[in-house]
Amino acid sequence: MLTDVDILLTVGIIALAHGLEPDHISSARLVRQKRKLVYLALFHSVGFLIVATPLSMALIYFSFLKPSIEFASNIVGIIFGALLLISAILRLDMEIEPKGTGLLQGMLNVSPSKVMAVILAMDTRSLIAGTFVILWFSFVTSLSIVIMGLATLRIPSSLERSLDITIGIITVTFFSLSLFNLI
């Protein structure tokens with residue numbers, strides 16, 4: 001049995017990795033200002049807290065919902081990757097609205113890392129500890145998205161287009177493969 005400290009460490013690592021998922025990198029690349037990047041990350045976490053947490057719990061108990069939710073999650077990921085890819089290929093200075101986009105992404109993209117965080121929160125067998133685990137996951141994910149986004153903002157402008165094309169291709173490929181259960 002995991003202790004609460006073990007759960008917090010595990011969830012922290014999962015949240016760091018979650019913040020580095022391809023759709024988060026793509027959406028962070030579509031936000032060009034530091035303040036907007038923070039809004040994107042915060043609203044992503046709010047979306048997770050509002051919708052994805054109950055959806056994750058539903059997935060645990062009603063597994064027949066899993067294919068529909070996974071389909072929607074993969075489509076959301078593909079859309080963010082495609083937006084980044086199109087903006088890079090066509091040399092469009094496309095920027096997304098961070099609050100609505102973050103909320104949408106946090107709500108609709110139910111990833112295995114989110115489900116795992118919910119399962120581990122439930123494993124604490126305490127409403128207060130479980131709530132703290134979910135809030136910890138949200139905080140660390142937001143921090144991860146912001147740090148990664150800030151790092152990509154420092155990329156020299158001569159490399160931005162190549163980076164955006166690469167990230168866009170990786171994101172679309174990752175979620176397309178996931179859509180067809182190939183990963």
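In a Gaussian network model over the chain where Cα atoms closer than 10 Å are linked, find which of 155, 169, 96 has the largest mean-square fluctuation.
155
Which of 37, 127, 20 ends up with the largest GNM mean-square fluctuation for the chain, with Cα atoms connected below 10 Å?
Between 37, 127, 20, it is 127 that shows the largest mean-square fluctuation.
Between the helical axis of 157-179 and the dominant principal axis of the chain, each derived from Cα atoms, what acute angle in degrees is found, rounded to the nearest 10?
40 degrees
Test of understanding: what is the full-extension gain from residue 165 to residue 35, defined as 0.36 nm times their sequence separation minus their Cα-Cα distance?
44.4 nm
Lysines within cross-link reach of residue 66: Cα-Cα under 18 Å, excluding same-chain residues under 8 positions apart?
114
How tilted is helix 66-89 with respect to the longest principal axis of the chain? Cα atoms for both, answer in degrees (0 to 90, nearest 10).
20 degrees
From the C-alpha coordinates alone, can you work out the Kirkwood hydrodynamic radius of segment 43-132, in Å?
14.3 Å
From the helices alone, meaning DSSP H stretches of at least four residues, give me the mean residue ellipticity at 222 nm for the chain, per-run term -39500 (n - 2.57), in deg cm²/dmol to the nearest 500.
-26000 deg cm²/dmol
Cα atoms only, the chain: Rg and Dmax in Å?
Taking only Cα atoms of the chain, I get Rg and Dmax of 16.3, 53 Å.
Most fluctuating residue of 30, 65, 16 in a GNM of the chain with Cα springs under 10 Å: which is it?
65
Treat each spin label as a single point 7 Å out from the Cα along the C-beta direction, and report the residue 89 to residue 72 distance in nm.
2.8 nm
In cubic angstrom, how much convex hull volume per residue do the alpha carbon atoms of segment 83-183 span?
Dividing the Cα hull volume of segment 83-183 by its residues yields 118 Å³.
May I ask for the angle, rounded to the nearest 10°, between helix 112-123 and the longest principal axis of the chain, with both axes built from Cα atoms and the value confined to 0 to 90°?
The helix 112-123 is inclined about 20 degrees to the chain.
Every read-out reported here was derived from the displayed coordinates using simple, explicitly stated rules and does not represent laboratory data. Everything numeric here is computed off the predicted structure, so don't read it as measured data. As a convention, Cβ positions derive from the backbone with ideal geometry for all residues, glycine included, and neighbour counts pool all protein chains shown.
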